[in-house]
Amino acid sequence: MTLSFGPFTKFFMHPLFHSLQNRKAYLLKGTFLLGAAGILCKIAGFFYKIFLSRTIGAQEIGLFHLCLPLCTLCVTFSGGGIATILSRLAAQYTAQKESKKEQCFLLASLLGSLLLSLFCSFLLYYNAAFLAQRLLKNDACTPLLCILSLTFPLAALHACISGYFIGKKQVAVPALSQLFEQFFRIASVLFFYILFLRAEKKPDSTVMALGQLSGELSAGLFCLFFLFLKTPFPQKMPFLTIPRGIAEVLRLSAPLNLSRVVLCLFQAAEAALLPLLLIRSGMTDSDALALYGVLSGMVLPLLLFPTVFTSSVSTLLLPVVSEAHTLGHFGKIQTAVRTSLSGGLLLGLYFFALFFLYGGELGTLLFSSSSAGMCIRRFSFLCPLLYANTILIGILHGLGKTAVVSLQSMLSLALRLVLLLMLIPQLGLSGYLLAVLSGQSVSFLLALLTLFRIGSLPHDFLQTLPRPLLACAVTICGGLVLRNWLGFASGQWINLLTESTICSALFFSAYVSLRKSTDR
């Protein structure tokens with residue numbers, strides 16, 4: 001039975017809204033919606049991180065990010081894999097026009113993820129002190145873990161409902177929920193920051209945890225509202241259908257959940273070990289934690305900013321590839337792989353060139369931190385692999401290769417952790433970069449090999465690689481000429497924008513010229 005909410009119902013029933021279901025325009029319009037929402041969230045997030053870096057400091061940011069991998073582990077265990085499976089099943093049953101199975105798996109996924117998330121919340125809340133002391137090696141994490149444990153049911157609800165709407169190719173609700181979450185998170189942090197000051201208390205990482213809780217609460221309620229608004233649930237459903245559906249969803253999501261749980265365990269281990277390994281390389285305790293805060297709260301968010309596009313494409317590719325695979329349209333799969341993967345690599349090489357050339361200036365101008373600028377330039381080498389791997393994961397999930405993705409992720413993460421332990425004490429930050437770069441490279445090559453073995457990798461894919469590589473090389477050379485020979489000085493925003501605009505024009509003009517010359 002569909003609920004009616006006056007103007008809201010009229011808006012979401014409008015033909016312009018439902019035009020998103022057009023298959024030919026789905027990827028373009030969906031990427032635009034999710035990308036626009038992601039860009040707005042990222043822009044707001046940058047100002048948010050700049051505000052935090054200048055108020056509570058890098059050490060408090062590092063303390064908050066020290067807790068996040070453990071919390072992400074709980075969220076992943078309770079809803080991450082289920083949301084992805086629900087998205088694939090929704091696309092499959094929509095293509096087969098089996099609405100009853102679709103609704104059954106929706107209810108089963110929601111109930112299953114809520115039960116698991118409540119269990120995780122209870123477990124973490126009552127063991128926060130023990131985990132902070134023994135696992136994270138920092139007692140100051142205890143109150144943060146208690147607050148963050150309350151977000152798990154809300155995050156699971158948000159993930160599952162967003163996955164369902166994506167599988168139905170209705171991307172407006174997930175896109176808007178991102179905006180609601182980010183807006184309420186930032187607004188809440190500002191509110192609690194002012195509240196701390198009025199109470200004559202020094203604002204610390206607690207305001208970030210409270211903001212996280214407020215953001216998840218707003219996003220969860222928003223998604224739940226539109227789920228009841230747009231989904232006609234059946235009035236009668238057999239009693240045993242839901243338990244069977246929960247068991248089936250848990251069975252299907254088990255490989256993906258296992259992979260993501262292992263991923264989160266590695267991230268938690270990395271978060272706990274990285275400051276300790278940096279200390280072993282010769283840093284002091286405070287310098288190591290501050291550098292970890294710079295990496296996790298400033299450098300990586302900037303480098304991952306363009307993934308708003310690749311993540312949107314990856315999310316939208318899952319139902320497209322799943323539907324094409326179900327209907328046997330294998331030519332469409334190869335076309336999707338060629339277009340999306342080539343675009344991801346092109347985007348990665350473009351931002352690698354920009355971050356490599358202007359990373360130092362960005363760190364100083366955005367975060368007032370020379371160490372952030374140095375890290376941005378060093379870690380720019382990760383961009384092509386990071387962006388391409390995001391797209392490859394979406395393609396493989398759409399093809400139903402969740403177990404293969406799980407195994408590949410565990411292998412690359414195991415290699416990364418081993419290299420972290422071996423290289424950081426000897427090489428410091430450079431060892432961390434080499435470890436991450438090696439893990440991403442292994443993941444990329446294994447994913448390509450999987451697509452090749454199942455016949456989904458176009459035969460002419462390797463022929464498209466030289467063009468963006470040459471365009472990247474031309475851009476870096478041109479940027480160095482602007483910097484060193486023509487005397488462009490980059491210490492102000494106007495100079496940085498001028499140089500980056502010239503280099504952007506150089507990159508894309510070189511790419512278009514090379515493409516035209518090779519197509520003749």
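The values are calculated or read from the model by the stated rules, or taken from the named source; none is laboratory data. Bear in mind that the values here come from a model prediction, so they are computed numbers and not experimental data. So basically every Cβ, Gly included, is an ideal-geometry build from the backbone, and we count neighbours across all protein chains shown. Side chains are part of the model used for accessible areas, which takes the heavy atoms of the whole protein and leaves out ligands, DNA and RNA. Shrake-Rupley method; radii C 1.70, N 1.55, O 1.52, S 1.80 Å.
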The stretch 68-168: relative contact order as a whole-number percent, Cα under 8 Å and 6+ apart: 46
The chain: relative contact order as a whole-number percent, Cα under 8 Å and 6+ apart: 18
The stretch 158-297 pair-distance distribution - Cα-Cα, 5 Å bins, rounded %: 2, 8, 10, 11, 14, 16, 13, 10, 7, 5, 3, 1, 0, 0
Rounded to whole Å, sorted largest first: equivalent-ellipsoid semi-axes of the stretch 63-104, Cα gyration tensor: 33, 8, 5
Where the Cα pairs of the stretch 114-190 fall when distances are cut into 10 Å bins, in %: 18, 33, 32, 14, 2
Proximal aspartates and glutamates to Lys401, defined as alpha-carbon separation beneath 18 angstrom and excluding residues fewer than eight positions away on the same chain: Glu248, Glu323
By average C-beta atoms within 10 angstrom, highest first, the peptides 81-92, 280-291: 81-92, 280-291
Shape of the stretch 79-130, Cα gyration tensor, a/c cut at 1.5: prolate
Solvent-accessible area, 1.4 Å probe, carbon plus sulfur percent, for the chain: 69
Span from the the stretch 31-75 Cα centroid across to the the stretch 394-421 one, whole angstrom: 25
The stretch 60-190: proportion of alpha-carbon pairs further apart than 19 angstrom, %: 56
Rg/Rg_globular for the stretch 249-305, with Rg_globular taken as 2.2 N^0.38 Å and Rg from C-alpha atoms: 1.51
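Given 37 °C and 0.692 mPa s, compute D for the stretch 262-403 with the Stokes-Einstein relation, Rh being the Kirkwood radius over Cα pairs; round to the nearest whole µm²/s.
Translational diffusion coefficient: 194 µm²/s.
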Coordinate range along principal axes, alpha carbons of the stretch 382-470, Å, largest first: 43, 36, 17
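Ignoring ligands, DNA and RNA, what accessible area per residue does the stretch 341-483 give at 1.4 Å, in Å²?
In whole numbers, the stretch 341-483 has 38 Å² accessible per residue.
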Bins of 10 Å from zero: percent of alpha-carbon pairs in the chain: 4, 17, 28, 28, 17, 5, 1, 0
Long pairs among Lys101/Lys332; Lys168/Lys332; Lys42/Lys516, criterion Cα-Cα beyond 30 Å: Lys42/Lys516
Peptides 416-429, 63-76 ordered by average Cβ neighbours within 10 Å, highest first: 63-76, 416-429
